[in-house]
Amino acid sequence: MVNPATVNNANKDLLNSKLQKSGQCLNHKEKLEVLADIAKSFKEIKLDFSGGDPLLLKKDLEVIKLASDYFGAKNIELSVTGACITEELLDFLKDKVSEIDFTLDTLYPRLESTREAEYSKASIRAIKLTCSKNIPVTVATVLKKDNLSKENINELYKFLEENSVQNWFLLRFRPVGRGAKFKFLEPSENEYKAVLEYCLKLGKEGSVKVTLHHTFYDLMGIEKKDRACKIGNKLIILADGTVLSCGWAFNSLGRPLNDEFALGKLPEDKLKDILNSVKINSIKKYPACRVDYFLNNR
């Protein structure tokens, strides 16, 4: 997908065409092939379209609609930047998706340390508009050293309540992908625990449900059946069709951290073959987060 923060309407299609020709992005026909392969492999499966921004290109809206036709709106989610959200687009999506997810780490642009300056402003506008359309919204917040203050947490939670957001999803910060150069923003386990205890308290007292990424379960003493990151339960398909075992397994160039995390490439490989491969079984030896093991040698 193309990042909407880096392009305008005049050149987005041209840039996407160049990415396709260079092999960095599947063309429309290939995307439909991948979707058909998924439909052939599963009677029911949950799909989350993310990016970049999956709403940037009109042809990708056709892919989202087809996915909804295949699996039902209840199984389709979107994770978007907010930059492309309009009232007209939300009217189109309303009966095709189960929810739309946005990332919002702060209401204060001065604290937007790892994203473009306008990122939070676009998310705030889009969250308000989406909630006004009664489309379920989850807001994800990546916890970093610079957004852990009670002032920031309280303002975020107040904003979510005021706009009737249903779920607040709290994530670890991993120094991978474009975040590799921001390792200094990674909180300690004690810092995570303190802010999570405070957020969970807000959730108990307020109207917005607070949920945690599974990598926080051990830290917070949470017992759940899905506590481990299970290979094959959730896979990532990159813009060029590469299949990853983990959504954090990116290097600073947006490519797999190493070959271990890359399971195959669609549409050349078939999804069922990938799911039954020797490779996918070999990495089940890790009891929890494989990216954590990779980054910390444990």
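Key figures
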{"read-out": "Prolate/oblate/rounded call for segment 154-267, Cα gyration tensor, a/c under 1.5 rounded", "value": "prolate"}
{"read-out": "Amide H contacts of Val210 (H built 1.01 Å from N, under 5 Å, at least 5 apart or other chain)", "value": "Trp168"}
{"read-out": "Burial ranking of peptide ranges 86-92, 108-114 (average Cβ count within 10 Å, highest at the top)", "value": "108-114, 86-92"}
{"read-out": "³J(HN,Hα), Karplus 6.51/-1.76/1.60, whole Hz, each residue of segment 62-67, x for Gly, Pro", "value": "5, 5, 5, 4, 5, 4"}
{"read-out": "Distant-in-sequence amide H partners of Lys133 (H built 1.01 Å from N, under 5 Å)", "value": "none"}
{"read-out": "5 angstrom amide H check on Asp48, placed H, neighbours 5+ away", "value": "Glu77"}
{"read-out": "Segment 179-190 - phi-based ³J(HN,Hα) in whole Hz, Karplus 6.51/-1.76/1.60, Gly and Pro as x", "value": "x, 4, 7, 10, 4, 5, 8, 6, x, 7, 4, 5"}
{"read-out": "Of Lys58/Lys145; Lys128/Lys150; Lys96/Lys201; Lys29/Lys234; Lys74/Lys133, those spanning more than 27 Å from alpha-carbon to alpha-carbon", "value": "Lys58/Lys145; Lys96/Lys201"}
{"read-out": "Theoretical FRET efficiency, 1/(1+(r/R0)^6), r = Cβ-Cβ of Leu111 and Lys270, R0 30 Å, to 0.05", "value": "0.10"}
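A short reminder: the numbers here are calculations on the coordinates, not readings from a lab. Remember, predicted model here, so these are calculated numbers, not experimental data. Using ideal geometry, Cβ is built from the backbone for each residue, glycine included, and neighbour counts are taken over all protein chains shown.
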